[in-house]
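The values are calculated or read from the model by the stated rules, or taken from the named source; none is laboratory data. Keep in mind it's a predicted model, so treat the numbers as computed, not measured. Using ideal geometry, Cβ is built from the backbone for each residue, glycine included, and neighbour counts are taken over all protein chains shown.
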Amino acid sequence: MHEEGIAIMAALPPGIDLNNIPALSPPAGETSNLVNPYNINIYMYITASIGLGLSILAVVVRILAKCRVVRTLQLEELILLLSQCGFVVFVGLMIHSTKLGQGTHQWNVSVAHFQKVVELANIIEVIYCPTIIGAKVALLLQLRRVFIVVKKGWMYWLHQIILWANLIAYLGLMLSIIFTCVPREKLWNPSISGHCQSTSVSLIASSVINVLSDVTCFIMPLVVIAGLQLPKKTKFVLGIIFGTVILGIITSMFRLVYTVKLTQTYDFTWAIMPVGLWAIAEIASIILAGSIPLLPGLVRFVRNQSSGTGGQSSRVYWHSPSTPSKNRQQYSNNQNTIWDQERADAMDNSKYDAHISTSSLVHHGDSISLGVLKTVEVQTTNAPANS
């Protein structure tokens, strides 16, 4: 908590230079060092570099996969781009706060810098909400596109509950952070009249929400995959691909632990650093979880292009709408995927609705409505030539 630093500021006489006053009384055996104190800034720089680097790479992979393979960008990609922009701002402010004293013991931080750290912490928390929810919404929309067949059944309603619960929770959380103090300046300037509420509840609430939503996003695809009649090795690979959300679970749990510790100490500038580090890792892991499932398709596409076979190696069988239904479904030799065209255009670069179905691979007694059946829009070049 930062209340101890605020109390020190409130007790200072007017006109004193806040750059020369430590924001916390040092513990026994310690002396304040406002010139070159010990800090853990290097961890922020390393985490920020890795987190931003991996997330940007993941977004690029996802966009390339959609543009080059599927040949269209969907709503989740646009949301993810906005989330990535928010992540860049989030990390930038975190680094700036680190240079001002975050990651340094508070008795080695001046009151002037402490005020800026508190102000930036509030701004960072506000930016965190739309950034993380954007990444999660993009992930949830992708899971719906792949795993949810129709707008009914427990899987559909579970998805809807997760989606809207996250949106409502993060909107409420963001508003509570914005209005922690009225006026907001009172948060870091106690001389201003107004009122404030404790930030501890908001901080812990955001961490708990993250853990719960990450767990549900992790379980949902694995339940569907477990019901498919596939070789164990294939199930294992699919589980790994769609189970990367577990990275988000791990990071959000660590963030929750350090958030609780933050609320139990007066050394705010020091204790908030690991919370920020795990927040960066958490956002990056969710962005990665939404992009990794598209990586195999992009790799296969690039490999086919480099070998000169283009997209024909996928051996997708297209048919005319007039083709009898019993002849309108054939397996692709690479993916065991049935492509059922509902509308086709004889022109090049036509848009197709392709039904990705694995109903024949699912236990008929399963409650997942005989399999994963989902329509995706596929842009193909000269697709009818493959028929």
Conditions (1) surrounded by 14 or more Cβ atoms within 10 Å (Cβ to Cβ); (2) free of Cβ contacts under 8 Å to residues at least 12 places away in the same chain -> residue 221 fails only (2)
Checked segment 225-245 for anything farther than 18 Å from residue 292 by Cα and touching a strand residue (DSSP E or B) at 6+ places or on another chain (Cβ under 9 Å); matches are 227, 228, 229
Quick check on residue 149: is it assigned to a helix (DSSP H, G or I) and either of a type in the set (Phe, Trp, Tyr) or at pLDDT below 95 (or both)? no
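Residue-wise test of (1) at pLDDT 90 or above; (2) in contact with a Phe, Trp or Tyr (Cβ under 8 Å, 6 or more places away or on another chain); (3) part of a helix (DSSP H, G or I).
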site	(1), (2), (3)
86	yes, no, yes
97	yes, no, yes
116	yes, yes, yes
120	yes, no, yes
127	yes, yes, yes
130	yes, yes, yes
165	no, no, yes
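Against the definition (part of a helix (DSSP H, G or I) and within 19 Å of residue 289 (Cβ to Cβ)), how does residue 54 come out, yes or no?
Yes.
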Only unsatisfied item for residue 122, checking (1) over 19 Å from residue 137 (Cα atoms); (2) touching a Pro at 6+ places or on another chain (Cβ under 9 Å), is (2)
